[in-house]
Amino acid sequence: MHDALAIHRIGHQGMTSQTNQAWLNANQVADRYGVGVATIWRWSKARTEFPKPKKLGDNCTRWNLADLEAWESSREEVA
């Protein structure tokens, strides 16, 4: 999983409500939408409809893939 778009899966590490969910870092989210990392952070702060990242640990902030996909679907409905 050295690919830039590799998806991180969180296992049974005290996160029972988040077990086996796919998580993307800021670089992966930026690649997904063809924008820069700064844009992703700006969207997460300024756009209320854009999914907020979750802090999974020290120096580990990720976006839930299911949340991003739901946001994508909602945008397709509007367009």
- Query: For the residue pair Asn27 and Ala70, what label-to-label distance in nm results when each label sits 7 Å from Cα along the Cα-to-beta-carbon direction?
  - Reply: 2.8
- Scan around Ala22 for amide H atoms under 5 Å from its own, H built in the peptide plane at 1.01 Å from N, and keep only partners 5 or more places away or cross-chain. Leu65, Ala66
- Any chance you could run the full-extension gain for Ala38 through Thr61? It's 0.36 nm times the residue separation minus the Cα-Cα distance, nm to one decimal. 6.8 nm
- For segment 24-79 the GluC sites (Glu not before Pro) that pass both the DSSP coil test and the at-most-11 other-Cβ-within-10 Å test are Glu49
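Every number in this text was worked out from the coordinates using simple rules, so none of it is lab data. These figures come from a predicted structure and were not determined experimentally. Heads up, the Cβs are rebuilt from the backbone with ideal geometry, glycines too, and the neighbour counts pull from every protein chain shown.
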